[in-house]
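Note sheet for the following structure.
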Amino acid sequence: MARHFDDLMLGSLELFCLSAELESFTAAAASAGLTAAAVSRSISRLEARLGVQLFARTTRRVRLTESGRSYFEQCRLTLSQLVEAEREISGKQKSPTGVVRMSLPTSFGHFRILPLLPEFRQLYPAVQLDLHLSNRNIDFAAEGFDLAVRGRIPPDSGLIARKLEDARLVVVAAPDYLRRRGTPLAPGDLAAHDCIQFLLPRTGQRVPWVLHQQGRELELVTHGGIQCSEDILGPVTLTRHGGGLLQTAHFMVEPDLMQGSLVEVMQDFGGSVRAFSLLYPANRHMPQSVRVLIDFLVQRLAVSVQATAS
């Protein structure tokens with residue numbers, strides 16, 4: 001006979017998830033209005049029922065075991081589905097609510113995503129946004145992220161990718177730098193110039209420059225006296241003050257190009273793009289708050305790109 005999923009089991013799962021998130025039976029007990037001993041007994045009963053140890057216990061905190069982490073992901077998914085199903089059936093959730101935790105790269109975040117979010121909040125005031133701007137790789141499960149925007153999709157990651165924009169790449173320099181060092185006309189000229197480098201967060205390798213030559217894409221590992229990591233806004237500032245040549249997304253330097261503080265060079269070898277995509281786990285239940293944010297960003301950026309092209 002199948003084992004029924006009773007209220008006692010459901011309560012144990014909720015206490016388990018709360019303890020896992022807070023890494024403390026005492027903190028979970030305070031949040032749930034129970035004693036720490038009651039929470040500990042509930043977790044012990046759950047472990048006995050499953051026949052596995054879910055937590056590694058110390059005097060100060062508790063940590064999930066490998067089995068516990070796997071079980072936590074499944075329980076969190078199940079509980080969130082139950083909560084949303086209850087809201088939809090009861091009619092309590094007439095509009096999206098909740099917190100969406102999103103990781104953004106510094107460049108695309110500052111220039112393309114952040115300017116759109118006040119409008120999103122006007123449309124969905126009950127949705128709170130927890131934004132983290134960083135170029136580092138994230139762990140969706142361990143860090144509790146719902147969404148991430150990235151210029152590179154991790155291979156075999158089990159993530160769904162929704163393309164937001166193909167950002168056009170340009171090579172730029174300050175007029176003062178070009179007066180001092182000359183203007184490069186072809187890829188071979190770059191060896192005689194200071195090319196500002198940006199390092200990939202995960203590997204520490206230089207980001208290659210991508211140009212078009214004779215109908216094919218050409219990747220170049222350029223060289224120069226300055227390299228930067230973490231924040232791509234740093235290389236832009238260096239370039240603006242005459243530090244060298246830089247390949248970057250057009251949207252990052254568009255105001256500088258219009259004002260003349262930066263000049264685009266090597267246009268004959270342009271045409272390369274860098275795709276930015278919205279990433280989220282494939283096997284996780286998607287709350288309504290996350291769904292409306294995805295739809296909003298995809299739609300608004302598509303409209304923005306069309307307006308720019310025209």
Can you go through PHE145, PHE72 and tell me which one is within 25 Å of the chain's Cα centre (by Cα), assigned to a helix (DSSP H, G or I) and crowded, with 18+ Cβ neighbours inside 10 Å? PHE72
Tally the residues that are touching a Cys at 6+ places or on another chain (Cβ under 6 Å) and not in a strand (DSSP E or B), restricting the search to the stretch 245-293. 0
Matching option when the condition is in contact with a Gly (Cβ under 9 Å, 6 or more places away or on another chain) and small (Gly, Ala, Ser), among ALA126, ALA141: ALA126
Of all the residues that make up the stretch 190-217, how many are assigned to a helix (DSSP H, G or I) and loosely packed, with under 14 Cβ neighbours inside 10 Å? 2
When you check SER44 against the structure, is it modelled with pLDDT of 90 or more, touching a His at 6+ places or on another chain (Cβ under 6 Å) and not aromatic (Phe, Trp, Tyr), yes or no? no
For residues in the stretch 116-170 being in contact with a Pro (Cβ under 7 Å, 6 or more places away or on another chain) and within 30 Å of THR239 (Cα to Cα), which is modelled with the highest pLDDT? VAL149
Out of (1) in the same structural domain as ARG291 (by TED's automatic domain parsing); (2) among the small types (Gly, Ala, Ser); (3) in contact with a His (Cβ under 6 Å, 6 or more places away or on another chain), the odd one out for GLY109 is which? (3)
Residue among GLY244, GLY225 that is assigned by TED's automatic domain parsing to the domain that holds VAL265, touching a Gly at 6+ places or on another chain (Cβ under 9 Å) and on the phi > 0 side of the Ramachandran plot: GLY244
Looking at LYS163 and the list (1) crowded, with 18+ Cβ neighbours inside 10 Å; (2) in contact (Cβ under 8 Å) with a residue 40 or more places away in the chain; (3) in a strand (DSSP E or B); (4) not acidic (Asp, Glu), which single condition is not satisfied? (1)
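Residues are listed down the side, and each one gets a yes or a no for (1) within 30 Å of PRO96 (Cβ to Cβ); (2) among the hydroxyl-bearing types (Ser, Thr, Tyr):
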residue	(1), (2)
LEU233	no, no
LEU238	no, no
GLY242	no, no
LEU257	no, no
GLY260	no, no
GLY271	no, no
ALA282	yes, no
SER289	yes, yes
Identify, by number, the condition in (1) surrounded by 19 or more Cβ atoms within 10 Å (Cβ to Cβ); (2) in contact (Cβ under 8 Å) with a residue 24 or more places away in the chain that VAL236 doesn't meet. (2)
State all residues of the stretch 197-219 that are of a type in the set (Val, Ile, Thr) and out of contact with any Phe, Trp or Tyr (no Cβ under 6 Å at 6 or more places or on another chain); if no residue qualifies, say none. THR203, VAL210
What are the residue pairs meeting all of these: first residue in the stretch 218-230, first residue in a loop (DSSP other than H, G, I, E, B), second residue β-branched (Val, Ile, Thr), Cβ atoms under 7 Å, and 6 or more apart or on different chains? GLY224/ILE196; ILE226/ILE196
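The values are calculated or read from the model by the stated rules, or taken from the named source; none is laboratory data. Note that the structure is a prediction, hence the values are computed from the model and not measured. Using ideal geometry, Cβ is built from the backbone for each residue, glycine included, and neighbour counts are taken over all protein chains shown.
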